[in-house]
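The values are calculated or read from the model by the stated rules, or taken from the named source; none is laboratory data. Just so we're clear, the structure is a prediction, and the values are computed from it rather than from any experiment. Please note: Cβ atoms are built from the backbone with ideal geometry, for glycine as well, and neighbour counts cover all protein chains shown.
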Amino acid sequence: MTVTEQINDAGRERTDLIEDSILPTLLWQRPIGLISYAWIWVGIAVIIATYSLGAAGVEGGVPLGMVIVIIILANIAIAEKISCAWPTGSAGS
């Protein structure tokens with residue numbers, strides 16, 4: 001087998017690994033919009049703050065169980081605040 005044939009065979013093997021679900025998409029093909037990306041970033045910021053506060057609480061001597069309960073309650077309060085600020089009603093009514 002020549003080098004050219006080996007390269008061609010390797011190229012065919014690589015294309016067998018390509019699937020539609022992992023190919024790049026165009027902007028109009030993406031199901032997520034700018035607002036959704038913003039909510040993802042808000043979620044990431046909340047997670048980072050949660051880990052930071054949890055670590056500071058444990059390091060400060062608060063028992064781990066208490067830290068977990070406080071963080072869960074804080075996240076519920078944040079979710080409630082966000083859901084109250086979210087506009088209600090449907091577009092069709």
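Assorted remarks:
- The range 31-50 residues that are within 16 Å of Ile82 (Cα to Cα), paired with ones that are part of a helix (DSSP H, G or I) (beta carbon under 8 Å, 6 or more apart): Val46/Asn75; Val46/Ile78
- Annotation: Pro31 fulfils all but one of (1) at pLDDT 80 or above; (2) out of contact with any helix residue (DSSP H, G or I) (no Cβ under 9 Å at 6 or more places or on another chain); (3) surrounded by 10 or more Cβ atoms within 10 Å (Cβ to Cβ); the unmet one is (3).
- Here Ala49 does not fit the description of being surrounded by 11 or more Cβ atoms within 10 Å (Cβ to Cβ) and touching a Leu at 6+ places or on another chain (Cβ under 9 Å).
- Residue list for the range 22-49, restricted to those being in a loop (DSSP other than H, G, I, E, B) and within 11 Å of the chain's Cα centre (by Cα): none
- The range 66-81, subset within 26 Å of the chain's Cα centre (by Cα) and without any contact (Cβ under 8 Å) to a residue 12 or more places away in the chain, residue nearest to Gly43 (Cα to Cα): Ala79
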